[in-house]
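The values are calculated or read from the model by the stated rules, or taken from the named source; none is laboratory data. This is a predicted model, so every value here is computed, not measured. Here the Cβ positions follow ideal geometry from the backbone for every residue, glycine too, while neighbour counts run over all protein chains shown. All accessible areas refer to the heavy atoms of the entire protein, side chains included, with ligands and DNA or RNA removed. Shrake-Rupley method; radii C 1.70, N 1.55, O 1.52, S 1.80 Å.
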Amino acid sequence: MAKLFYGTTPEPITIDDRVLAHVKVVIATKLRRGESFTMSWTHAAGEPTGRSTIWLQPAIPLRFVFDSEQPESLDQNLLKRMANDANSSRGLSLDIDVAETSADQRPAAARPAQARPSTAPRSLVRAA
């Protein structure tokens, strides 16, 4: 599991390496533009039950620490979905089903058929 250190808090936010690689790109893009936003997540097993939300803005220090020495490959569709969520009023939510995101990288013919709503695109991020 990768770690995101926020501000001066010594306790990191633990996130899957692949998810944090995508989050890093979204955060860096927004902060480079001077855009602040929220990021939310559900607490991991072993932590008190609940959710947390932080306000990300350029003046607050961030550090990304990955378990893997090699960079993760990035899924452009996932990046777009995450960027759109970060641009929304609800902010970026890290409640992502990693198995589902990995399945999205397989060719369509290899994916199991799933019923999807026809009115809106499927999002891997739940509303905060």
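Counting just the residues of segment 33-90 that are outside any loop (DSSP other than H, G, I, E, B) and of a type in the set (K, R), which one comes out least open to solvent (accessible area, probe 1.4 Å)? The extreme case among them is R81. When you look at E72, is it of a type in the set (D, E) and without any contact (Cβ under 8 Å) to a residue 24 or more places away in the chain, yes or no? Criteria not met by E72.
Tell me, which residue of segment 1-32 that is acidic (D, E) and assigned to a loop (DSSP other than H, G, I, E, B) is farthest from L79 (Cα to Cα)?
First, the residues of segment 1-32 that are acidic (D, E): 11, 16-17.
Subsequent filtering for residues that are assigned to a loop (DSSP other than H, G, I, E, B) retains 11, 16.
On the way: E11: 26, D16: 15 Å.
Filtering first and then ranking leaves E11.
What are the residues in segment 14-26 that are in contact (Cβ under 8 Å) with a residue 40 or more places away in the chain and either crowded, with 20+ Cβ neighbours inside 10 Å or of a type in the set (S, T, Y) (or both), if any? Give the steps one after another, and end with the answer.
We begin by selecting, within segment 14-26, every residue in contact (Cβ under 8 Å) with a residue 40 or more places away in the chain; these are 15-26.
Selection gives I15, R18, V19, L20, A21, H22, V23, V26.
Being surrounded by fewer than 17 Cβ atoms within 10 Å (Cβ to Cβ), among the hydrophobic types (A, V, I, L, M, F, W, C) and either at positive phi or modelled with pLDDT of 95 or more (or both), is that true of even one residue in segment 93-115? Within segment 93-115, not a single residue is surrounded by fewer than 17 Cβ atoms within 10 Å (Cβ to Cβ), among the hydrophobic types (A, V, I, L, M, F, W, C) and either at positive phi or modelled with pLDDT of 95 or more (or both).
Output yes when any residue across segment 33-40 is at pLDDT below 95 and within 20 Å of A83 (Cα to Cα), and no when none is. No, there is no match, as no residue in segment 33-40 is at pLDDT below 95 and within 20 Å of A83 (Cα to Cα).
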